[in-house]
Every structure is written in structure tokens, then in C-alpha cells.
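*Asks:* Dumping the structure here so I can ask a few things about it.
The values are calculated or read from the model by the stated rules, or taken from the named source; none is laboratory data. Note that the structure is a prediction, hence the values are computed from the model and not measured. When we count neighbours, we look across all protein chains shown, and the Cβ atoms used for this are built from the backbone with ideal geometry, even at glycine.
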Amino acid sequence: MLENFAYVFTFLIVGIGFVALNLFVSSLIRPNNPNEQKETVYDCGELPVGPGFTQFNMRFYLVAFVFVIFDVEIAFMYPVTVIFKDMVNSGWGILAFVEIALFIIILLVGFIYAWSQGGLEWAKSIKSQFEKTQDT
Amino acid sequence: MEAFAVSLGVHIYLVKAIIMFIIAALSVTFMAVISGLTTWFERRIAGRMQSRIGPNRVGPQGLLQFVADAVKLFMKEDLIPKGADRLLFKMSPYLCMIGVFAPFVVLPWGMGIIAADLNVGVLYLISITALVVVGTLMAGWGSNNKWSLLGGMRSAAQIVSYEIPVAMGLLPSILFAGSLSMIGLMNAQGWAPWQWSAFQNPFTMIAFLIFFTGSLAEGNRVPFDLPEAESELVSGFNTEYSGFRFAVYFLAEWANLYVIGALTTAVFLGGGNLPEALQPYWYLSIFLFLLKTFFIMFVIIWLRWTLPRFRIDQLMDLSWKYLLPLSFIAFFGQAVYMLIDHQFPVIDMVTGPIMFLIFLLVLLKFFYRVAINFREQNKTVNTRA
């Protein structure tokens, strides 16, 4: 088994090496004479205003939070999924099913709560704007 | 192998390490070539679909176009914009590359032909592809460009959102096979379409569709290509990249297409399983596996040039409000199905063929519809002339 992970390690090294080697060889033959104009950031051809590290929307954090919760949940679901077939064949299927169902239902409650609180709405304002235009 | 090592007077691990290295080098070459060929393939198909020719100058039918492109990008100047975070900017291509290349360890090439059959195969695959998210975020943040930042954030939000349907979509199939290793998943299926895990029962079918949709989004393919929506974000997270660093992103994108195709084939479409009579001809299984993979890749490319792009809120809604609940239904459905199946094994014999029959009917309906469209189009053309 450890030998299999040695394969993974080798692949990682070769993957990095592939990019590094190509970049190195390319650096030997490509031109390299940067100047002021070339180094400006692309801002649709205008001179860039302010740095590029601007603020961005809070919604991305919200998505990341919900993702982390579900990703951990899935990581816990995989072991049960793998042995489920054996459990069914040895007659313990119902037990495994009830256990994983309880686990998922607890998380689904959280999911439904997030949904009901509008945590999953990407564009909160679009709908209200749409309703406003409908009224007038 | 051990005797061979001893006869040469070297340690066994050295021989093993060299073999591993050779396999990895072959894989990386295969990945580079296949992703190059896919760019050609895609451009030709796009040409056909838009009534133009596409690249046909370099080599027979333009087949060597990707070599010309690669050489061009290889010799381009590599610029790093002023004020960029140089470390993140330089690290990002490596991460994107690893995120796409590392899955090749567990991708099978046919029945029992695989670099390393990890016992956590699928889990390893979906977790290591997540490195691409880190890479795009780094590229977006490190570029000191507003378009890149927006593109990177969008890309991260999208890939992260669709990671969950993809992982959930794989679960019913794993329930069915009872294994995480790729070979185990393939062995659980048979050669005939009604033995494939996609056509086992309605729930695996739902899971297959969820997985496929999610994979499209994870691979940044249309209709989910918001991270590089040219009309909105210039080029997304890779706006500031040039030269070979830029090429790496596109290499990764098209290699990802192959990864998606191979994973779908191995997990849902029977892999390289051959009928009993053809078992001795192992090379046929490689051929079959690649054929299925390329078909999936063709479908993805076909979708790209057929469908318009989603809006970002529609994209998020689709993932969280439709695919995620559906995938829970598929998971529970498959679990209950297996419990019932244990009591009454007869169902297993029936559902597979029925699902496949339904699939054939849908296919027939599709071709019928296409034929009608063709006829109507020809009619209008004739009347105009």
C-alpha cells in the first residue's frame, strides 16, 4: 500500500518538475526585456486606478462556510458508503442505514435553516428590485 | 524484478523508483499530448458547428496545430505585472498543474491497467483536484488586477459549490460497488450497458446526471464557464499571465477534460469491461476505455458550443437548491434500494434493462427531434431559394 503512495509522491514531483523544467528551458530562449508599459496591469487599456487588491463581496465567505460544513460531512459519509454493501450482505443493513440517516438529517436541518435565512440566495437584491418594478 | 535488480547489483527500491519515474514521465507526456490534441479536436468541432473550417493548415487536417501553439507560447516573453505578489503569481501554475496531473495516478487505462490502485482512489481524486481552487485563488489575488481578482473569486466560489454535488454524485455508485478503488469500481460493473452503474436503477441515473453536471462546472466548461467569461471579465483569473505560465492553465483545463471523461467512464460507464469471450485480448479494453472517454469529452465539447452561459445567481441556485437536495435523494434512494434488493434480488435483474430501455427511448426521441429539425431547416432553405 505504501508503495502505491510512493507513486502519488512521484507523480507530484514529476508534475512540478514538468512545469519547472519547461519554464526553465523557456527562460533560456525567450526574450526578456520588460519596460514600464509592459508591466502595467491590464485595466481595459486605461491606466489602472488604485491597486488590484480591492474589497470583494461578503457572499464568497458565506459560500465558503457552507462548503466547509458539507465537505466535512461528505468526508464522514465516505467510510459508511464503502462498508454499506458488506453491512447489507451480513444482515446489518438497517442499522447502517439508520445511523447514516440520523447523521445526514442533523446536517440537513442546518442546511434548511441556512436556506430559510436566505444564506443560499446569491443575489439578494435582484428579486426585490424586480418586485419594485412590478409594482410601478 | 528482484532477481533482475540483484543481477545488476543495485537495490530493489532503486529499480522500483526508476520504474515509478518512467510511468510518471509517460503519464505527463500523455497528458500534455492529449490536452493538446483536445484543443485541436475542440476547435475543429467548433468550426463544424459554426459552419467554418477551423485550424487545418499545420499537419494533416491541422492535427499539429497544438505543437505550433505550444512552441509559440514557449518563446513568448513572460511578464509579471508591477505590484503583483510575485510568490503567489509564480506558485499558481504549479498548483493548477498538480491538481490536474495528480489524478492520473488513479485513472485506469483499461481493465486492471492503472498506475497505482489506491484503496482510497476516488476520495483521493476528488480531494487532490481541489488544489485547482487554491491555484486559481492565488492567481486571482496575486495578479494585482481587478479582473483577475473577480475571476478568481468567482472561480473559487463556483468550484467549491459544485464540489459537493460531484462528491455526492459519486456516493450511490460507491454504495453499489462497495469500494473506493478505481479497479474495484470497474470490476463491480459489467460489459453490458445494463450492468453499468449509471443504468443500475433510477437513483444511480440521477447521481450520474448530477455528477456530470457538477464536473462540467468544476472543469469551468460552458454552460458554467463564468470564471473566464470573456464578455464580462476579460479572461478571468489568468488575465495577467503570458508565455508558458499561461499555457500551463490551458494545458490543465484540457487535461481536466480528459480526467472528467476517464472518471465518468470508470465510475459510471463500465470502464474497460469486456465480454467474457474477449477477455484474453486485454488491449481491447484500453481501446474501449479510451473510446468511451473520448465520447464523453466529445459530449462536453458539444455542450460547450450549443448552450449559452448561466448567470452567476442561477449557477449558485442550481448547485445549492437543486443538485444538492437531489443528490441526497439519490443517496438515500440507492441505500433503500440496496436494502430492498437484499430481500428480493429479483429487482436487480429487472431495473437495469428497464433503465437502459428508457435511455434508448430518450435517445430515439432525441434523434427523431433532430431529424424533424433538419427537415424543417431544409424546407425553409428550399423555399428561400
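*Asks:* How many of the residues making up the range A:46-60 are at pLDDT below 75 and touching a Ser or Thr at 6+ places or on another chain (Cβ under 9 Å)?
*Replies:* Summing the residues that are at pLDDT below 75 and touching a Ser or Thr at 6+ places or on another chain (Cβ under 9 Å) in the range A:46-60 gives 1.
*Asks:* Applying the selection to the range B:265-318, what residues are among the aliphatic types (A, V, I, L, M) and assigned to a loop (DSSP other than H, G, I, E, B)?
*Replies:* Scanning the range B:265-318 gives B:LEU269, B:LEU274, B:LEU307.
*Asks:* For the range B:76-99, give me the residue count where each residue is of a type outside the set (D, E, K, R), out of contact with any Asp or Glu (no Cβ under 8 Å at 6 or more places or on another chain) and at pLDDT 85 or above. Can you show your working first?
*Replies:* At the first step, the residues of the range B:76-99 found to be of a type outside the set (D, E, K, R) are B:79-81, B:83-84, B:87-89, B:91-99.
So of that shortlist, the ones also out of contact with any Asp or Glu (no Cβ under 8 Å at 6 or more places or on another chain) come out as B:83, B:87-88, B:91-99.
Still in the running and at pLDDT 85 or above: B:87-88, B:91-99.
Of the residues in the range B:76-99, 11 are of a type outside the set (D, E, K, R), out of contact with any Asp or Glu (no Cβ under 8 Å at 6 or more places or on another chain) and at pLDDT 85 or above.
*Asks:* While we're looking at this one, here's another question. Could you say which residue among A:LEU28, A:LEU102, A:LEU95 is part of a helix (DSSP H, G or I), closer than 30 Å to B:LEU79 by Cβ and at pLDDT 85 or above?
*Replies:* Exactly one residue qualifies, and that residue is A:LEU28.
*Asks:* Something else now. I'd like the full set of residues that are among the small types (Gly, Ala, Ser) and more than 10 Å from chain A (Cβ to nearest Cβ), limited to the range B:82-114. Steps first, answer last, please.
*Replies:* Filtering the range B:82-114 for residues among the small types (Gly, Ala, Ser) gives B:83-84, B:92, B:99, B:102, B:110, B:112.
The answer is B:SER92, B:GLY110, B:GLY112.
*Asks:* Follow-up question, since we're still on this one. Take the range B:115-136 and flag every residue that is more than 8 Å from chain A (Cβ to nearest Cβ) and surrounded by fewer than 21 Cβ atoms within 10 Å (Cβ to Cβ).
*Replies:* Passing the criteria: B:VAL120, B:ILE126, B:SER127, B:ILE128, B:ALA130, B:LEU131, B:VAL134.
*Asks:* Checking B:LEU307 against (1) surrounded by fewer than 20 Cβ atoms within 10 Å (Cβ to Cβ); (2) within 30 Å of B:LEU180 (Cβ to Cβ), which single condition isn't satisfied?
*Replies:* With respect to (1) surrounded by fewer than 20 Cβ atoms within 10 Å (Cβ to Cβ); (2) within 30 Å of B:LEU180 (Cβ to Cβ), B:LEU307 is out only on (2).
Per-residue answers, yes or no, for (1) under 18 Å from B:MET338 (Cβ atoms); (2) facing chain B (nearest Cβ under 9 Å):
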site: A:VAL72; (1), (2): no, no
site: A:PHE76; (1), (2): no, no
site: A:THR81; (1), (2): yes, yes
site: A:ASP86; (1), (2): yes, yes
site: A:PHE97; (1), (2): yes, yes
site: A:GLY110; (1), (2): no, no
site: A:TYR113; (1), (2): no, no
site: A:GLY118; (1), (2): no, no
site: A:GLU121; (1), (2): no, yes
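*Asks:* For the range A:41-78, how many residues meet the condition of being among the β-branched types (Val, Ile, Thr) and surrounded by 18 or more Cβ atoms within 10 Å (Cβ to Cβ)?
*Replies:* Here is the first cut: in the range A:41-78, the residues among the β-branched types (Val, Ile, Thr) are A:41, A:49, A:54, A:63, A:66, A:68-69, A:72, A:74.
Add one more test, that the residue is surrounded by 18 or more Cβ atoms within 10 Å (Cβ to Cβ), and what stays is A:41, A:63, A:66, A:74.
Of the residues in that region, 4 qualify.
*Asks:* For the range B:139-196, give me each residue that is hydroxyl-bearing (Ser, Thr, Tyr) and either facing chain A (nearest Cβ under 7 Å) or surrounded by 24 or more Cβ atoms within 10 Å (Cβ to Cβ) (or both).
*Replies:* Across the range B:139-196, the qualifying residues are B:SER143, B:SER148, B:SER155, B:SER161, B:TYR162, B:SER173, B:SER179.
*Asks:* Shifting gears a bit: With the condition kept exactly as written, say whether any residue in the range B:4-12 is within 25 Å of the chain's Cα centre (by Cα) and not assigned by TED's automatic domain parsing to the domain that holds B:LEU291.
*Replies:* Scanning the range B:4-12 turns up no residue that is within 25 Å of the chain's Cα centre (by Cα) and not assigned by TED's automatic domain parsing to the domain that holds B:LEU291.
*Asks:* Being facing another protein chain (nearest Cβ under 7 Å) and aromatic (Phe, Trp, Tyr) is the filter; apply it to the range A:1-16 and report the residue that is surrounded by the fewest Cβ atoms within 10 Å (Cβ to Cβ).
*Replies:* A:TYR7
*Asks:* Something else about it: Looking only at the range B:319-346, count how many residues are among the hydrophobic types (A, V, I, L, M, F, W, C), without any contact (Cβ under 8 Å) to a residue 40 or more places away in the chain and assigned to a helix (DSSP H, G or I).
*Replies:* Of the residues in that region, 5 qualify.
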